1. Filtering the range 93-125 down to residues that are acidic (D, E) and surrounded by fewer than 18 Cβ atoms within 10 Å (Cβ to Cβ), which residue is nearest to Q298 (Cα to Cα)?
2. So F16 fits all but one of (1) exposed (fewer than 15 other Cβ atoms within 10 Å of the Cβ); (2) under 51 Å from the mean Cα position of the chain (by Cα); what number is the exception?
3. Whether any residue in the range 44-64 is open to solvent by 50 Å² or more (accessible area, probe 1.4 Å) and touching a residue at least 40 places away in the same chain (Cβ under 8 Å) is what I want to check.
4. So L155 clears everything in (1) crowded, with 16+ Cβ neighbours inside 10 Å; (2) over 16 Å from the mean Cα position of the chain (by Cα) except one condition, right? Which one?
5. The conditions are (1) assigned to a helix (DSSP H, G or I); (2) over 25 Å from the mean Cα position of the chain (by Cα), and P46 fails exactly one of them. Which is it?
6. Out of all the residues in the range 21-40, is one or more under 27 Å from the mean Cα position of the chain (by Cα) and open to solvent by 30 Å² or more (accessible area, probe 1.4 Å)?
7. Please count how many residues of the range 458-501 are over 14 Å from Y427 (Cα atoms), β-branched (V, I, T) and either open to solvent by less than 30 Å² (accessible area, probe 1.4 Å) or at pLDDT 90 or above (or both).
8. Out of (1) closer than 21 Å to V526 by Cα; (2) open to solvent by 30 Å² or more (accessible area, probe 1.4 Å), the odd one out for I395 is which?
Amino acid sequence: MLKKFVPYYKPHWKLFLLDMVCALLASLCSLVYPMVTRSIINDYVPNKQLRLIIIWSLILLLIYAFQAVMQHIMQYQGHIVGVRMQADMRKKVFAHLHQMPFTYFDEHKTGTIMSRIINDLQDISEFAHHGPEDLFISIISIVGAFIILCNINLLLTCIIFAMIPLLILFVAKQRIRMRKVFTATKVEIAEVNATLENSIAGVRVSRAFTGQDSEQEKFDRNNSRFLKVREASYRVMADFGAGTNFIMSLLNLAMLFFGGIFVYYGTIDVGDFLAFVLYIGMFTDPIKRLVQFVEMFQNASTGFTRFDELISSPVEEEDPNAVELKNVKGHIEFKDVTFHYEEEEGVPMNVLNHVSIDFPAGEMVAIVGPSGGGKTTLCHLIPRFYEISDGSISIDGQDIRTVTRQSLRQNIGIVQQDVFLFTGTIYDNIAYGRPDATKEEVYEAAKRANIHNYIMTLEHGYDTFVGERGIKLSGGQKQRISIARVFLKNPPILILDEATSALDNVTENLIQEALDELCKGRTTIVVAHRLSTVKNADEIIVMDRDGIQERGRHAELLDKPDGIYAQLYQAQFARL
């Protein structure tokens, strides 16, 4: 772990070095007081040297002032190092997340991912600052005290420091238990976060279905597991703290007993004995720092392991010889394409089997059929959200696996049924289609999407906040904003995935006008359940779980009364 962790200090090595220098100086300052006390008691007081008492008292005052300055720098600059390292790690993991395949997000909960980025990195940040500092200060204090005490009385020093191996053995044994409980704690914290994120995001659904009790039960279940592992961690920490305190008490007892014996027999004088008392008292603080270091190290170790697992997860693979996709006309061709998802047991679940489809440039092709036939999956394969298992997909004769994903996706616009709007303003969400667009271009895109007039009726116009995921807007308004976003992007290839199926007829007609305008001059793939929206398509493809069953224009397919399309159309017409 340390081999991977230490490089994060490199960009901030100057501040880290300053922190360590200040820690060294502050530790050395602490070693002066017992020696001065010993001299005052053994020499200056018996010989009535008032001048030296005053001088050394003033010197100690200056040393304490200097030590305070060093400690202030340690507290401030040390935390700065930790929080900057945390920011670097968070930036790295955020960038990595945006390069990971969609399958990762299909298999991992949003809340657990957030826990790794926020909670775990917070523990790492604290250790990044306090860990090296506490370890360094403890070593300097213990070694310095040991050297000074050896010069006072070697035998008494060895007797007292004989307790140290017992302390080391106890800490090493407890460290294994602490690693296990801290790992379990982080796992359960992530689960609680995932439950919270899911429940808060779906609060309207749970209220609508009066599912509060069910949500409470799920939360209580995860919270109870977290409580148990947290209680176990506190038990281990209590054993650790009580054990180290007991050993430290034995060390103090040994110092008092053997120090008293040495004074009784005249081996050391009272000043030396007091120096031992002060140094052993000062020695207690480094031991506590070491105990704290072990606790922080275990916490940070489990957090960094989870962080490293995340950033070590494979990203979307890019062909090293991939080229930019330019001058796109929009001719898309599927050749014998097979695709399957990996189930939990590792058994593949086939979605598309040997599918071959030709989407001519500039034409509209509709894909219809029963749910579960792979229509949406087929659309997700074109921008390489998922990798095909076999076959090939090409644009203008160029295999999409030989072009960069960035250039591929820049040439594709997607309008989905479930519109996602980012927290921010209407303007921000439209401009997301092309961040470098001018205001006039954003306004024009909104006009072409039939949403500009509505926006202008709002008090804050384009600066209106849409709420989390656009909750303050209706489904039709969000849909038109997403259409405006694609107008602004102006891609040669357009994918409409159930873009109007969740809307009422009036709103659908309004949005259909915007979509008709959007489709002009582009290769358009339309996935739809409402067959009335695909009547004018250049070709209609009917798919089910067994693949492509029918293809042709609207009138041609209706001429087959026993066909799937004709039956679907009649069923919808009958409901009307």
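The values are calculated or read from the model by the stated rules, or taken from the named source; none is laboratory data. Worth saying up front: this structure is predicted, and the values here are computed from it rather than measured. Here the Cβ positions follow ideal geometry from the backbone for every residue, glycine too, while neighbour counts run over all protein chains shown. Heavy atoms of the whole protein, side chains included, go into the accessibility calculation; ligands, DNA and RNA do not. Shrake-Rupley method; radii C 1.70, N 1.55, O 1.52, S 1.80 Å.
1. E107
2. All conditions pass for F16, except number (1).
3. No, that holds for no residue.
4. (1)
5. (1)
6. Going residue by residue through the range 21-40, those that are under 27 Å from the mean Cα position of the chain (by Cα) are none.
Looking through the range 21-40, none of the residues is under 27 Å from the mean Cα position of the chain (by Cα) and open to solvent by 30 Å² or more (accessible area, probe 1.4 Å).
7. Number of matching residues: 3.
8. Among (1) closer than 21 Å to V526 by Cα; (2) open to solvent by 30 Å² or more (accessible area, probe 1.4 Å), I395 violates only (2).
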